[in-house]
Structure formats: C-alpha cells, structure tokens
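Only one structure is covered here, and it is reproduced in the block below.
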Amino acid sequence: MGLEGIGARVVRKEDKRFITGRGKYTDDIVLKDTTHGVFVRSPHAHAKILSIDTAAALAAPGVIAVLTGADLAGDRIGGLICGWMIHSRDGSPMKAGAHPAIAHDRVRHVGDQVALVIAETKAEARDAAELVEVEYETLPAVVDPAHAMDADAPQLHDVAPNNLIFDWVLGDEAATDAAFANAAHVVELDIINNRLSPNPMEPRSAIGYYDPSEEHYDLYTTSQNPHVARLVLSAFIGIAPEHKLRVVAPDVGGGFGAKIYIYPEETACLWASKRIGGRPVKWTSERAEAFLTDCHGRDHVTKAKLALAADGTFLALRSDTIANIGAYMSTFSSATPTYLHGTLLSGQYVIPAIFTNVKAVYTNTTPVDAYRGAGRPEATFIVERLVETAARQLGMDPAELRRKNFIRSFPYQTPVILTYDAGDFEGNLDKALAAVDYAGFAARKAEAKARGKLRGIGFSSYIEACGIAPSQAVGSLGSGVGLWESAEVRVNPVGSVEILTGSHSHGQGHETTFAQLVNERLGIGMENIQIVHGDTDKVQFGMGTYGSRSGAVGMSAIVKALDKVEAKAKKIAAHLMEASEADIVMEGGELKVAGTDKKLPFFQVALAAYTAHNLPAGMEPGLKEGAFYDPTNFTYPAGTYICEVEVDPDTGKVEIVQFVAVDDFGRIINPMIVEGQVHGGLAQGIGQALMEGVSYDPQSGQLLTGSYMDYCMPRADDVPSFKVDHVTTLCPGNPLGMKGCGEAGAIGSPPAVINAITDAIGNNNLSMPATPAKVWAAVHAA
Amino acid sequence: MYQTTYHRPSSVTEAASLLASAEDVKLLAGGQTLIPTMKQRLAAPANLIDLGKIAELKGITVSGGTVTIGAGTTHAEVNTSADVKAAIPALAKLAGGIGDPHVRHLGTIGGSVANNDPAADYPSAVLGLGATVVTTKREIPADDFFAGMFTTALDEDEIIVRFVFPVPEKAAYAKFANPASRYAMAGVFVAVTGGTVRVAVTGAGSDGVFRWADAEAALAGTMTPAALDGLTADASAMLSDIHGDAAYRANLVKVMAKRAVAALG
C-alpha cells in the first residue's frame, strides 16, 4: 500500500472546496436571463381541481408565465414513470396511475404541484403564486397503508381498484406453510417500519434551459444519476430527443436515494423554458417543500413469523407486508418493497423455506421510494427482530441462536433468488462480541440497575445485496434499464489522468477514492488525477450512484479501462525499450523491463502515445480507453452490530451507551471514508429507530412533521462514539473484491437498537421511532 | 417574507411612540420566533419595530436582593453573567439550555417572555421566581402576567423594559426537552424565596406556563423529592401531540419536579 494507494487514509480531496464554501451546487449556477419558478401546491391531501384562475397572477409584477397541467397536456408532455415492472401473483402487471408533472384534474397529496409561476425574481414568483386561484372540491383522504384497501377507502387512481398497485409474492408458500405447521416453535411479530424523510442538506434544485437556436436543452439538477434522468426525460417523458438534452448534476449535497428519481419539478422547469421562449427557469426547493415533495422512505406494515425446531434450528420464515407507495409511483418505487426487500429475508441464516407477500398501495401521501438501504432495512428489521424474539421465547442466548443458524459455506443459494458468494458471519459476530465485552454485560446491567437505569443489549446480524446489479438478472425481474457502469480513463500527453465515470458523487468521496485506485495502478500522484462526473456531455454514459454500487460497479469499470490503458502502455514501452511486452511490469509510476535496469516513467510513455513518432506498427495514437462493466452477481456486505442502551424508566429516554459495528465490506480503498460512511449510516439508522417518523393527520392527510420542530433528526449528541471494525472476505465477483459500504449502517442498526431497548424494558411490543413517550408507555405496560 | 416597514428606534420612549402611532405593528426583539414566522409568510406585519439597538433595554444589575435584567438581554448574556450565576444560578443555567448557540446569542428574555410560547423556558423562571415585569406603562407581577398560550397581560401599546427577580434562597430548573425541537416538553422551575415555595411548569400545560399548587403545598411541608411521590399532575390540563400524550406529559411534570427539588441541594 502506497501513501495514496488502496487502503490509505487519504484526506478527501473534495473537502477543501466544500468546507471553504466553494462547492458549486445547482442553485449556485446563474445563467444569463434566468427566471425563477415557484410552484403552487395543493393544500389538500385529495381534491378535484374544478378551476384554476391565473389572471391575477399573470398581471402581477415581474410575472412571465403561469403554467398549469392543461398547458402541459396541450404540449403532449408525458407523465412521470416508474421504471421497474412488477407483476402480481396472478400475473397481471402493476397498476400505475398517471403522474403528470403538474396535476391536471386532481391532486392526491398535500404539496402536489398545481401550477408553475415564472417571474423575473423569486420574490415576485412567490408573491404571484399566492394570486393563483384554485377552486377545489375536497375528497376524503387515506394516509395509512393498513387502511388503503378498506372497502370504504377513498380511491386514488381509477386504474388501481382498492388502491392496490400489485400483490407480489416470492418464495414457496406451500413449503413455508408446511414448515410452520410442523414447527416446535413459532415466533410472530407485528411490525411497522416507519416512514422517513430523507433530508439531504442541499435541497433539490433545477435549472431548465432551452436554446431555440440549437433546439437544445440543458438541465442542471440535483441528481444522483444524470444519465438516467436524460434517458427518462427524453425517451419516456418526451421533452427532448436524447442527443438534444444535456443533464448536469454538479456538486450535490447529499442524496440518500431521494435524488435518484426524476421529479415533477425538473421536468416542469425544462419544459417551461421552451414555453417562455428560451430563458432559463430555475427552481430551488425550500425546506418546507422538501418535507412535502422529496420522496419519503420505508412505510411498511408487516406481519412476520419464524418457525423453529425444538433445538432452535430455523425452519421457515413468512412475512406479509403492505407497502405504502404514496400518491404516485416514483421512479423506482416498485423495486424497493419487492426485489430489494423480499430477496433479503434469508438474512445470514439457513432458512429452508421462505415466503413473502407484498401488497403495494396508493395513499394520499408523498410518494415513497428508495431511501438509504431501500428495502434491505425493512428485510433486516423483520429477520433480526424475529431472531432476537425467538431467542427470548426459547430462552437461548441471542448470539448463540444466530451462530447456530449462520450460513457457513459459499456460494449459498437462498430460497429467495440470491446466491451469496462469500462471507464470514461468525467472524463478524465474534469480533463484535469481543468489542462490546459481551461477557461483562451482566455486571454492567446490574450496575445500571443500582443507578435506577434499565440496561439492555441488542444484536443485528445484517446482510444486504449491493453492487446493483447484473443487467440480465434485473431485466428478468422487471428493471427497465441495465445496471452496469461505464468509465473512461483519459491519459493526457503529460501523463496526468482524467477519470470520467458514470458514478455520481454526492458526498461519497469519489474524487478521493477513485483517484486512489488510479494511484495504485499507475503510480501517479493524487494531484495529477482528476475525477470527472455528473455531466452527460462529458461522461459517455452512466447509471449513477445508489445501492452502494459506486465501488463494486463504478470502480470495476474504471479497473477495466485501466487494464486497457496499462496494456497499451506496456506495448508502447516494450516497443520503445526494445523488449518483449510480456517482460514489462508497471511499478511506482514506471514501466520496467523485468530483470533489467531498463525503465521508462509513465509520463514518457504517455507522451510517446500522443507524439506518435515511434509507436508499434499499426497502433493508433493516444492513450485513452473506455469500458463498460456489468456485474456478474450482487455483492453481499454483511456484519454484526451490537447496541447497548440505558433506559430511564421515569422518562423513557434512551441513551445508547455502546454501539459496535463490525462490517465485512470486502476490499476497502479508504478506511477513513468507509468509517465515515458507517458513522453516517448508523446515525440515520439510529434516527429511524429512536427519532424520525413522518406523521400525517389520519383524517385530513395534512403533514404533521413539516419542519425540524416536529421531524426529529439525530444530532451529534444523540449518537455515541461508535466502535467500528471490519472483517474482510473479498467479493469474488469483481476485480477489486469490493462489496460496498454506503448503506450498511442504516440497514443494520435499527433492529439492534430496538432489540436493545426491548431487552432493557422487558417488553417486546415497541414500534419505531422509539421516542421517550413510547418507551415510557412500554415500560409501564410491561 | 412580505414587505414590511422597518423601524429602529434608539430609545424606549421612541419605540413606545412608534408603537402607539403605527398600524399593524410587531415588536422585534431577538427575532428568533418572529423572523422565521415572517419568512414562512405566517406573519406579515406592515411595520416592524426593532428593539435591538436600544441600550436601556440591555444589561444585568444586582442590588438589594434583586437581579434586574433588561428585556433586551440575550440568553447568552444571562447564561454567562457572573452576577446571575452568583445570585440565581438556576436562571443562568436555564438560559444556557435554550435553543442552540445561535438562538442564545440573538434571542432575548423580553422577546421570549412577551411571546409566551407554551414550551419556552423563561416563563417558568419568571413565574417560579415571582419576578416583576416592568413595562413602559406599569409593573406587572408574574402571577398576573401570563394569560395562556402565546397570551400575556401586555397591552397592544406596551413594551417590556426589564425583569426584576428576587434572589431566592434556592432554586433549580429541570427540563425534559422535546427530541425534535428541544423546547421543553416539561420544564419545572422550583424556587424557595423568602421562605415560600413556588413550582412553575412550562412545556406541558395546555394553557401555557402554570404553577403547580399541589406540589407547592407538598414541598412547603418537606422539601424533598419524596414529598411529591403521592402527587399526580392533572393530565386533563396537559398538552397532547405527536411527541407525547397528556398522560406522558403529566408524568414528566412530576419527574422533572422531583429532579428540580433534588437539584436544590
């Protein structure tokens, strides 16, 4: 390992501009003649639009246009799409209702956009937006997924009777039910996986710009995947042909999934720029708008059960889930509760029979889609809560019950599609047990009791499927796109290198990590490496960043391109040094003839490639190579988290006194960045477990958690100093052996926290977020 | 934010005369509630009178068994004042627990008390210590000042000038913070002043800050946490929301009262 190579704790290159205020975010971009858009939004959860009177708004100072759903329909702009087809158990396709970028005849959630007011200044647009008169006929609303299919529930989309989008199953129902019928023990749980608001620090923003002279569109947007945005906006929504649309996602301040999707607002801004004759239209979300319109995460209601033999051997698992999709199907909303969720229900265990049924329903709420972890936290919560509950029910040690049922040989084919390729689940557990001092827990509990505190310990041995994903496999499961990644390595004549990647960094530190890979391979200093991403005009193509895929998939594409660069450089070096190509080795930035003292620095080879004065016969000049990488399998990060809490029985306040995270991420490029990812993920997972929960009024459908006064985000003093460690088994499926680390913390931690609290208070009936009020009630109900 | 006309008087007299003459007016102290409310367009006063540059509203003095704090004194100034720490340490500590550093360096005691947010900390200290609210028109005893949520005895044309706190024998404040906003879900200020026990509760009551008479009576007998064991705060008078129902808040009131008593020393 070099100072800047793989495995080094290199300080993040990008942080200098971020922490000195020189990051360039979408809202920082000021195009000539920019206009400002403000959306008029529905104050009702469900209503018919009877009329929209824009006259007063149009007459207001500075107003350029007021656009409505009728204008959008008149221009034949298509609706937003959901890009993953799910079929119900009866074979019928999912029932996706129309999702216009501006509501036309009906609004379906508070915050649904009804008109776009465009003015010279943002203040003028905002003033004018208040003058748009919308006459509504309010309709009853349903927000609770458990009641969405009730006979008397209001209907959101005609295409989806009973608000049912799909009724999906995975696994062998007959075998599962038979295993339950014959099991010595059955453990059952009712679970609510709480609805979360993603809250990236940078709010969403978009600038749409149409150049009439070129008939060309530019979209600057807060996206995790600009190429996918371009594809969807052109091929499906039909705003512009793909070659006439450039999408730029510059610095993006956090995404957590919420910036994957193609939203109404950027669609409307892009379209509106043409409507107003080619002036840029800029919209930047306010925080209150973000709470109402950024896609939420989770919101599952589940009945789950685990069958065990008398000795604690797992026999079968079944879950029945209602997944809240919200008012419209967001871009990947169908994949999250199905193939990102049901496929993980085997956890780290040998479970011979598994069956799951997921019913996805519409409600009068903000659309729900993937949020850090996306389906896998829901699966992990089911499995790890069941296992912990089983240990208590059977009087077994929760660590030992896990150990007894761990998968130990690989590859392992689960009953729910996935083939785990590598792992050391017992190694993770043992390291975590040692780190937490499990043997000393009883003494710590007794000491806490003497202080009037209830101390508890909880486990979570999670597994996730990352490295999304083998294109053929996801295609067969309904994905509308392939999930490969592309990269280009551009060696300049002076030997510096630009990496153009289809991955997108919005906090992950790609500019550092990816450069470390180049440093390792080519021996070039970090200062001579530039990572280019986020611009469809620069990067050939890309599928973006989500699902912890940038290392396992994005860097694999870079490796493939580097392989090609290296091969060509070796050919040139061999030619220049009159040696056999097979004898050339690359080491420390030099190409050497093995066993001799002949060598050439890499930059001289690069220069030779571009001067082309003396290249091998027939070789093309230049040193620039591109590659596409399609994964061969998912990757399987896994680990054991142990949480130790103290509960104040008088107030219900939970203090996390210890949190140990042992993860197996395969190859780690930059341990500092990986630790940061784990810390952030843990904070979000602890946030879900203890604090965060989107709440709607059940009757009116009004959002009750519309600001940080009521939506509780974890602060630094809410989380402990984490103990983070690793076990490493390399992923056999990609060249670097990487598995991915971006979501693990958020996936693994919620059940550990809830298991710890329920252990402390002796009452297993506790839902997330475990707020002090809920915990206090559970303590006193026990 | 809508357009507003901004006034910046340099004296209380000038402020009072502006207040009397202007229509649709709001007083701006530290602005920690009013400015966000205006930015959300939930408040839209035509005239804004900024009290922030009036020197006579600032400052802390201790004399003759009282601590006098100008209405324009920030939470940070109260929190760090050596005089307050020496005379009424519970008050200094309370001020240090309001909001975050930004709020504490802009927010003022006068603004907080005049707003009378049912979850604000200061009203419990003013009521618990039996302070006097001195305004441009009169002196109002704390017991007569608070009149329910966001409501006070202040007239439309009246400005708080200062607070006069009697120095207690002992006092303590215990607060259970709302996990999201970190306002009080229950904050209990217990003080013994001139031999009299006062227990003031903020954050929990559906009618704003209140004195818990049963607790005062119990503690008048024995000033120990155990003296409150037999009491139950009246849940029917408590707030209920997504953060905690009335029963939970009633419990918190008792728990915080006991902790405040324990902290009296």
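The values are calculated or read from the model by the stated rules, or taken from the named source; none is laboratory data. Remember, it's a predicted structure, so these values are computed and weren't measured experimentally. With ideal geometry, Cβ positions are generated from the backbone for all residues, glycine too; neighbour counts draw on all protein chains shown.
Quick one: in the stretch A:709-752, of everything that is touching a residue at least 12 places away in the same chain (Cβ under 8 Å) and within 14 Å of chain B (Cβ to nearest Cβ), which residue is surrounded by the fewest Cβ atoms within 10 Å (Cβ to Cβ)?
A:713
What about residue A:758, is it polar (S, T, N, Q), more than 10 Å from chain B (Cβ to nearest Cβ), crowded, with 19+ Cβ neighbours inside 10 Å and in a helix (DSSP H, G or I)?
Taking the combined requirement at face value, the residue satisfies it.
In the stretch B:205-230, what residues are under 13 Å from residue B:258 (Cβ atoms) and surrounded by fewer than 16 Cβ atoms within 10 Å (Cβ to Cβ)?
Pass one, the stretch B:205-230, residues under 13 Å from residue B:258 (Cβ atoms): B:212, B:215, B:218-219, B:222-230.
Answer for the stretch B:205-230, where residues must be under 13 Å from residue B:258 (Cβ atoms) and surrounded by fewer than 16 Cβ atoms within 10 Å (Cβ to Cβ): B:222, B:223, B:224, B:226, B:229, B:230.
Out of curiosity, is residue B:143 modelled with pLDDT of 95 or more and closer than 30 Å to residue B:64 by Cβ?
Here the answer is yes, as residue B:143 does meet what is asked.
Counting just the residues of the stretch B:184-200 that are out of contact with any Ser or Thr (no Cβ under 7 Å at 6 or more places or on another chain) and under 29 Å from residue B:56 (Cα atoms), which one comes out surrounded by the most Cβ atoms within 10 Å (Cβ to Cβ)?
It comes out as B:191.
Which ones in the stretch B:120-158 are crowded, with 19+ Cβ neighbours inside 10 Å and over 18 Å from residue B:192 (Cα atoms)?
B:120, B:121, B:133, B:135, B:140, B:145, B:146, B:152, B:154, B:158
For the stretch A:445-484, how many residues meet the condition of being more than 17 Å from residue A:631 (Cα to Cα) and surrounded by fewer than 17 Cβ atoms within 10 Å (Cβ to Cβ)?
6
So, restricting to strands (runs of 3 or more DSSP E) that lie completely within the stretch B:10-65, which ones have at least 3 residues that are surrounded by 15 or more Cβ atoms within 10 Å (Cβ to Cβ)?
In the stretch B:10-65, B:25-28, B:47-50 are the strands (runs of 3 or more DSSP E) which contain 3 or more residues that are surrounded by 15 or more Cβ atoms within 10 Å (Cβ to Cβ).
Given the stretch A:399-506, what helices (runs of 4 or more DSSP H) lie entirely inside it while holding 3 or more residues that are of a type in the set (S, T, N, Q)?
On the way: elements: A:425-436, A:441-450, A:471-477.
Filter on the stretch A:399-506 gives A:471-477.
Scan A:65, A:96 and give me the residue that is under 14 Å from residue A:159 (Cβ atoms) and crowded, with 20+ Cβ neighbours inside 10 Å.
A:96
Hey, among A:684, A:699, which residue is part of a helix (DSSP H, G or I) and of a type outside the set (A, V, I, L, M, F, W, C)?
Selected residue: A:684, the only one of A:684, A:699 that is part of a helix (DSSP H, G or I) and of a type outside the set (A, V, I, L, M, F, W, C).
Of everything in the stretch B:242-265 that's among the small types (Gly, Ala, Ser) and within 13 Å of another protein chain (Cβ to nearest Cβ), which residue is farthest from the chain's Cα centre (by Cα)?
Filtering first and then ranking leaves B:247.
Could you tell me which of the residues A:495, A:507, A:502 is among the small types (Gly, Ala, Ser), on the phi < 0 side of the Ramachandran plot and not assigned by TED's automatic domain parsing to the domain that holds residue A:335?
Going through A:495, A:507, A:502 in turn, just one is among the small types (Gly, Ala, Ser), on the phi < 0 side of the Ramachandran plot and not assigned by TED's automatic domain parsing to the domain that holds residue A:335: A:502.
How many of the residues making up the stretch A:14-36 are hydrophobic (A, V, I, L, M, F, W, C) and in contact with a Ser or Thr (Cβ under 6 Å, 6 or more places away or on another chain)?
Adding up the residues that qualify gives 0.
Looking at the stretch A:616-628, is at least one residue part of a loop (DSSP other than H, G, I, E, B) and buried (at least 24 other Cβ atoms within 10 Å of the Cβ)? Let's see the steps before the verdict.
Kept after step one, since they are part of a loop (DSSP other than H, G, I, E, B), are these residues of the stretch A:616-628: A:616-623.
Filter again for buried (at least 24 other Cβ atoms within 10 Å of the Cβ), leaving A:623.
Taking every residue of the stretch A:616-628 in turn, at least one turns out to be part of a loop (DSSP other than H, G, I, E, B) and buried (at least 24 other Cβ atoms within 10 Å of the Cβ).
Does residue A:160 qualify as being within 30 Å of residue A:53 (Cα to Cα), touching a residue at least 12 places away in the same chain (Cβ under 8 Å) and buried (at least 17 other Cβ atoms within 10 Å of the Cβ)?
No; evaluated as a whole, the condition is false for this residue.
I need the full set of residues from the stretch A:761-774 which are of a type in the set (Val, Ile, Thr) and away from chain B (no Cβ under 14 Å), in order please.
A:761 - this is the single residue of the stretch A:761-774 that is of a type in the set (Val, Ile, Thr) and away from chain B (no Cβ under 14 Å).
Please verify whether residue A:372 is in a loop (DSSP other than H, G, I, E, B), crowded, with 23+ Cβ neighbours inside 10 Å and of a type in the set (Lys, Arg), treating the condition exactly as stated.
So residue A:372 passes the test.
For residue B:239, all conditions in the list (1) away from every other protein chain (no Cβ under 14 Å); (2) of a type outside the set (Val, Ile, Thr); (3) within 19 Å of residue A:777 (Cβ to Cβ); (4) touching a Ser or Thr at 6+ places or on another chain (Cβ under 6 Å) hold save one; what is the number of the exception?
Residue B:239 satisfies every listed condition except (1).
Which of the following residues is without any contact (Cβ under 8 Å) to a residue 24 or more places away in the chain and hydroxyl-bearing (Ser, Thr, Tyr): A:68, A:20, A:35? Outline the logic, then answer.
Numbers: A:68 fails: without any contact (Cβ under 8 Å) to a residue 24 or more places away in the chain; A:35 fails: without any contact (Cβ under 8 Å) to a residue 24 or more places away in the chain.
Exactly one residue qualifies, and that residue is A:20.
Quick grid of which residues meet (1) modelled with pLDDT of 95 or more; (2) aliphatic (A, V, I, L, M); (3) surrounded by 20 or more Cβ atoms within 10 Å (Cβ to Cβ); (4) in the same structural domain as residue A:356 (by TED's automatic domain parsing):
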residue: A:100; (1), (2), (3), (4): yes, no, yes, no
residue: A:109; (1), (2), (3), (4): yes, no, yes, no
residue: A:133; (1), (2), (3), (4): yes, no, no, no
residue: A:170; (1), (2), (3), (4): yes, yes, yes, no
residue: A:174; (1), (2), (3), (4): yes, yes, no, no
residue: A:178; (1), (2), (3), (4): yes, yes, no, no
residue: A:196; (1), (2), (3), (4): yes, yes, yes, no
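Can you find a residue that is in a strand (DSSP E or B) and not small (Gly, Ala, Ser) anywhere in the stretch A:146-165?
yes
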